[in-house]
């Protein structure tokens with residue numbers, strides 16, 4: 001079992017990576033000296049396949065244990081569902097001596113993480129990510145949140161888990177579209193980190209797509225290590241370093257909002273990366289030869305046809321509410337080469353529309 005330590009200002013926590021090691025989770029909770037009272041929040045799709053196994057894993061737990069099944073889908077990240085978790089905690093007399101274990105994808109982790117960070121001013125949190133995207137990205141780093149007024153992640157907290165337990169066994173039942181949607185985040189890490197990982201992805205992306213578990217395990221380990229390294233330098237996004245993790249996301253979040261969240265987050269990230277590459281070229285940060293080369297990986301990911309139905313003006317309006325904006329200017333993370341990122345780069349409406357149009361043309365080819 002691979003262990004990667006994430007060091008933060010308040011505490012350090014392990015990210016454990018295994019295949020079919022879920023039965024060891026209670027032992028790992030004990031090793032972290034966590035409370036015995038457990039609220040286990042499970043995505044409904046995960047529960048369909050794994051609820052009996054999960055209950056078996058925790059059958060010898062000595063404290064109180066309750067299971068809460070969470071509806072799937074981006075619309076679950078709402079005030080309504082958040083209040084339901086609070087009510088469930090109160091109804092079952094959970095106190096501050098509680099561990100909330102979030103078992104699911106990014107939606108489950110974001111919502112349950114926000115609930116854990118705010119209930120009684122904070123209870124212990126453990127992530128068990130079950131989607132490829134959550135394994136490589138959203139379960140690491142402490143970002144929690146809900147959507148509000150059709151704005152993505154506009155309300156949230158930084159709240160680090162006590163443990164992240166990754167079991168790639170969950171990927172065996174993950175729908176293909178969910179798996180493919182994570183490729184955008186994976187490619188992001190290849191672009192923002194270093195040429196070694198970028199070259200690894202260039203050589204092995206098809207093996208990732210075909211569920212080669214040895215390749216997937218390395219992809220997960222590398223992505224977690226990269227994100228952990230960034231977080232250790234800039235946990236609360238104060239120094240600008242952590243902002244590189246948002247590469248492609250200013251476009252992505254606005255595209256998601258414009259399409260009414262009918263597109264997967266990872267699919268929107270792929271589209272956002274393509275837009276960001278074209279924008280980097282447009283404002284002369286990235287030359288044409290590098291642009292062509294760097295478009296190759298995101299260009300290999302198939303996006304749903306709905307991506308070509310976006311309205312540029314609506315995307316732009318959504319961007320105007322992006323939480324990363326400064327002085328009423330829309331700020332982007334852009335790129336001049338692999339691992340060479342620029343943060344807080346402003347762009348005008350004309351260039352933003354250009355990038356969106358070029359992305360549409362590129363995805364239609």
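Rule-based calculations on the coordinates, nothing more; no lab input. On a predicted model such as this, the values are computed, not experimentally measured, just so you know. In this analysis, Cβ positions are derived from the backbone assuming ideal geometry, glycine residues included, and neighbour counts consider all displayed protein chains.
Protection proxy ranking, highest mean first, for peptides 219-225, 52-58: 219-225, 52-58, where packing is the per-residue count of other beta-carbon atoms within 10 Å, averaged. Give the separation of the Cα centroids, the range 208-282 to the range 35-70, in Å. That distance is 30 Å. Taking the average, over residues, of other Cβ atoms within 10 Å as the packing measure, peptides 96-104, 120-128 rank 96-104, 120-128 from highest down. Sort the range 2-173 into rounded, prolate or oblate with this rule: let a ≥ b ≥ c be the square roots of the eigenvalues of the Cα gyration tensor; rounded if a/c is under 1.5, and if a/c is not under 1.5, prolate when a/b is larger than b/c, oblate otherwise. Rounded is the answer for the range 2-173, as its axis ratio a/c remains below 1.5. Considering only 78, 59, 18, the mean-square fluctuation computed in a Gaussian network model of the chain, springs between alpha carbons under 10 angstrom, is largest for 59.
The distance from the alpha carbon centre of the range 303-365 to that of the range 147-165 is 22 Å, rounded to a whole number.
Rounded if a/c is under 1.5, else prolate if a/b beats b/c, else oblate: with a ≥ b ≥ c from the C-alpha gyration tensor eigenvalues square-rooted, which is the range 209-365? Rounded shape, in that the Cα axes give a/c under 1.5. In this label model, residue 79 and residue 53 are separated by 3.8 nm, measuring between points 7 Å along each Cα→Cβ vector. Considering every alpha-carbon pair of the range 159-228, the percent of pairs per 5 Å bin, from zero through the bin containing the longest distance, is 3, 14, 28, 25, 17, 9, 3, 0. For the pair residue 340 and residue 306, the difference between a 0.36 nm per residue extended length and the Cα-Cα distance amounts to 9.1 nm.
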